[in-house]
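Chemist: Can you keep this structure in mind? I'll have questions shortly.
All of the numbers you see were taken from the coordinates with simple rules; none came from a lab. Remember, it's a predicted structure, so these values are computed and weren't measured experimentally. Note: ideal-geometry Cβ built from the backbone for every residue, glycine included; neighbour counts use all protein chains shown.
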Amino acid sequence: MTDDARVYPQRPREVEPRGPADLAAGLNEAQARAATHPDGPLLVIAGAGTGKTRTLVHRVALLLERGIRPERILLLTFTRRSAQEMLARAERLVGSVSRSVHGGTFHATAHRLLRRYGEAAGLPAGFTIMDQSDAGDLMQLSRAKLGLGEKKKRFPKKETLHHVYSRHVNTEIPVAAILSEEYPQFVEFEEEFGRVFADYTARKAERNLVDYDDLLLFWAMLVETDGPLAQRISGLYDHILVDEYQDTNHLQSRILRGMCRTHANLTVVGDDAQSIYSFRGATIRNILDFPHHFPGAAIVPLEENYRSTQPILDCTNTLISRAEERYTKNLYTHRTGGEKPWLVTAHDEPAQTRFVVDRLLELHEEGVPLREMAVLFRAGYMSADLEIELTARGIPFEKWGGLKFLEAAHVKDVLAFLRVLENPRDDVSWYRLLMLMPGIGDVTARGAIDAMAQLAWSSDAFGRYQPPPRARAAHGALVELLDQLRAGPAEADGLVTHEIARVRRLYDDILRERYDRVEPRLADLDQLQTISGGYSSRAAFLSAIALEPPQATQDLGFGSGSEDDTLVLSTAHSAKGREWDAVFVIWAVDGYFPMARALGDDEQIEEERRLMYVAMTRARNHLFITYPLNVYDTRRGSDYSIDQLSRFLDRGVRETMQRVVVDAGEATPPAAEPAAPPVVDLRAMLRGRFGA
C-alpha cells in the first residue's frame, strides 16, 4: 500500500430529538427510578440482562433535559465503543446536544486532562504513552543496569517485575504482600524489586514517558492535592456517571472521590455478582463499600431480566445466593416457557466433547445458528479436545483471545519509527528499531543509544554517531529516512499515513527477510496505515492507538474465523457482556472450575463462583453444564482419577436443573453360553498350585 489516502471531511450535522416526550416512558419502574434520580450519589445494582445500558442512556438524556450543560457531564466506561454507543443512543432521545457530553474510558479521560493540565503539575508537554510491552522493555533496562540478571539465583524476569509494579500501583497492596501471595520464591528479593522500581520511575521521568498506570495515578494525585489546580479539575463536571463499576480498581475509586470533592452527583452502575477481574487489580470492595464512600447514596436494584428464561434464572439465582457478601436481588422475567438447564455427566473428556458437538448439531438442525451458540470454559487450554473434534467434523468456530494488534512484532516495529520522531528520548523504541537493521546487534544498539544520550538526544545525535563498519550501510539508510520524516510538516491531513508509507519503503523488505509467511503481516500494516488517515498529527495518532488499540491481527486468529455462521469458543472472562441462545459450560469440576489454585483462598473461591455465574447468565434459551467423571493425568497415560462435580453446583442448585447422563456407547457384553458339564475346573487348578 503506497498511495496516501485522501481525507474526506465530515459535514456538520444536526439531529433532532426522536425520543418520547416523556423520556422515562418505556422504562420499567426500577429503571425509571434510577434514570430520574435527583442530585446525590446513586448506586444501580444491575443484574445480568436487566437493561443497565438503557437505564444509563436515559439518565444522561434526562440530565440534559433538566438543563445540565452537556460539557458538564462525564460518562466513564471501560471501552471507547461503549461510550460512543451510549451517547449515540442518547442522541436519538435528545438530539445533537448529547454530542457535547464528555464520554470515554478512565485512561483516555486521564490522558486528556494530563495533556491540558499536566505542565502545571510538572509533567512536560509532549510525553509519550508506553503500552504494556514497552513498559516491560523499559523495566528490563532497569533490571540490566542494576546487574540483577547476573545473580546466581534466578531473578524475576521483566514481565514479573512489571506485573508486581502495576499491581502495587493500582491496588496499593504492599510489594512484600504481593510477593508473599503470588511469588513466594522471590520474597528474598523485596529490596531489589524496590531498586528496580525506583530506577524504572526515574527512567520514565528522564525520557518523558508515561505508562498506563501513570495515567490513573497522576489523575488521582492531581485531584487529591490541596490548591486551585485540584479545585479546577474537580470542578469541571456537575455529574459523573460510571458503567461497570464492579470492575474498577482502588485508583479509580480514589479518582472518583477526588472528582466529587465539591459535589456528590455520582451515578455508578454495576453488579457485584459479576466482579471477576481481581487479577487486573479490580476490587469488589468498591461496589460493596459505595454507600460508605458516598454517605446517603440511594441504591436501586434492577431485577427484571430481558435475556434468559425463568428456569435459567432460577438456577443462576440459586447459584449466586451462596455468595458470602452481596447485594440481595432476585432476577425474574416475564418470558414464558423454557426448559431447566441440563447438568450433563460424561464418562470422560472425549464423551463430554461428543455430547457438546452432537447437541449443538441438533440445535443447529432445529434452526439455531452456530453464531448463536457458545462453549465457555475457565481457561483456554480446556477446549483443546473440543477444537480437534470440531475441526475433524467440519464445524466452523472461532476462539476468542490471542495476540492483540499492538502486541504483534511487525506493528510495534513500525510504530517505533514514529515514536522516536515524536520523542527522541524514547530509548525503548530506539533499541527496537536499531535491532531491526542488518549489521546492528545488541552492543552496537546500546552504544548508539548511549552516544545519543551524551548529546542530549538532539535531532542530529544519531547521525553524528559513528557505527562499526558492518553497520554503516544500515546506519546511513536509517539516518536518511529519519531526516526525511523530520523535514515534513508538524501537522497536515494524511501526515501520519504518509510517514508510515515512507517507513514501509525500508521496513517491508526487512519483514520479507524475517518471515516466510509475510502476507498477513503486510495486511496488518495496510490496516495500520488506513487507521492513521484520520489523524492530523503524529502525537494524536500514537496516543489514540496506545489508549484504544485494535484487538486482533490478521495472522493470529483461531479456528476458521472466515465463516459468517461460526460457533464461539471462549473463556468465561472473555464472554462477559455477551449473550447467546445456547451456552455450554464445560469442565464444571473442582480443580478446573473453580481452578485448583483458588481452592485454598476464600476470596478467590468467591470470585470463581461469580465467574461461573457470569458464564451461566450468558444463555437466553438453552444452558448445558457438563462435567467428565474421569480425567486422565496425561493424554497418553493410563492413570485416571474420579472428578468431583464443581462445589458451586450444590444440592440446591442441582434441584433447579435436569440431570442427563451421556451414553457411554459401549457394546453390550455377549450372553453366557448355555450351562454344560465343565470341561476344565479352574478353581481346582488354582488350589492345586498351592498344594491345597
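Chemist: Counting DSSP beta bridges with both partners in the chain, what percentage is antiparallel, nearest 5?
Modeler: Numbers: 7 of 56 bridges.
Counting DSSP beta bridges with both partners in the chain, the antiparallel share is about 10 percent.
Chemist: Suppose only helical runs count, i.e. DSSP H with n ≥ 4. What mean residue ellipticity at 222 nm does that imply for the chain under -39500 (n - 2.57) per run, divided by all residues and rounded to the nearest 500 deg cm²/dmol?
Modeler: Numbers: 28 runs with 306 residues, N = 692.
Result for the chain: -13500 deg cm²/dmol, rounded to the nearest 500.
Chemist: Would you mind calculating the gained length between S96 and V479 on full extension (0.36 nm times residue separation, minus the Cα-Cα distance), in nm to one decimal? List each step's numbers first, then the result.
Modeler: On the way: separation 383, 0.36 × 383 = 137.88 nm, distance 4.87 nm.
Result: 133.0 nm gained on full extension.
Chemist: Starting from 0.36 nm per residue, how many nanometres of slack lie between R393 and V631 once their C-alpha separation is accounted for?
Modeler: Difference between extended and current length: 83.3 nm.
Chemist: List V518, V268 from most exposed to least, where exposure is judged by having the fewest other Cβ atoms within 10 Å.
Modeler: On the way: V518 15, V268 26.
Final ranking by Cβ density, sparse to dense: V518, V268.
Chemist: Rounded to whole Å, give me the distance from the Cα center of segment 153-203 to that of segment 84-108.
Modeler: Taking the Cα centre of segment 84-108 as reference, the centre of segment 153-203 is 40 Å away.
Chemist: Then there's this: At 0.36 nm per residue, minus the direct Cα-Cα distance, what do A205 and V15 gain on full extension? Give it in nm, one decimal, please.
Modeler: Between A205 and V15, full extension yields 63.9 nm more.
Chemist: Could I ask something else about it? Determine the relative contact order of the chain: mean sequence separation of Cα pairs under 8 Å and six or more apart, normalised by residue count, in whole percent. Write down the numbers at each step before the final one.
Modeler: On the way: 1062 pairs, mean separation 125.4, N = 692.
It comes to 18 percent, rounded to a whole number.
Chemist: Could you name the aspartates and glutamates whose alpha carbon sits less than 16 Å from that of K329, not counting residues in the same chain fewer than 8 places away?
Modeler: Filter leaves E29, D271, D272, E303, E304, D314.
Chemist: Only one of the values (1) 48, 37, 26; (2) 55, 34, 25; (3) 73, 35, 24 was calculated from this structure for semi-axes √(5λ) of the Cα gyration tensor in Å; name its label.
Modeler: Computed from the coordinates, semi-axes √(5λ) of the Cα gyration tensor in Å corresponds to (1).
Chemist: In what sequence do E603, E365 fall when counting other Cβ within 10 Å, fewest first?
Modeler: Ordered by Cβ neighbours within 10 Å, fewest first: E365, E603.
Chemist: Could you order peptides 354-360, 287-293, 110-116 by the average number of other Cβ atoms within 10 Å of their residues, highest first? Present the calculation step by step, with values, prior to reporting the outcome.
Modeler: Values: 354-360: 20.0, 287-293: 16.6, 110-116: 18.3.
By packing density, highest mean first, the sequence is 354-360, 110-116, 287-293.
Chemist: Any idea how far apart D289 and E579 come out in nm if each label point goes 7 Å out from Cα toward Cβ?
Modeler: For D289 paired with E579, the spin-label model returns 3.3 nm.
Chemist: Another one. Students often forget the sequence filter, so: which lysines lie under 23 Å Cα-Cα from K145 once same-chain residues fewer than 8 apart are removed?
Modeler: K153, K157, K158, K204
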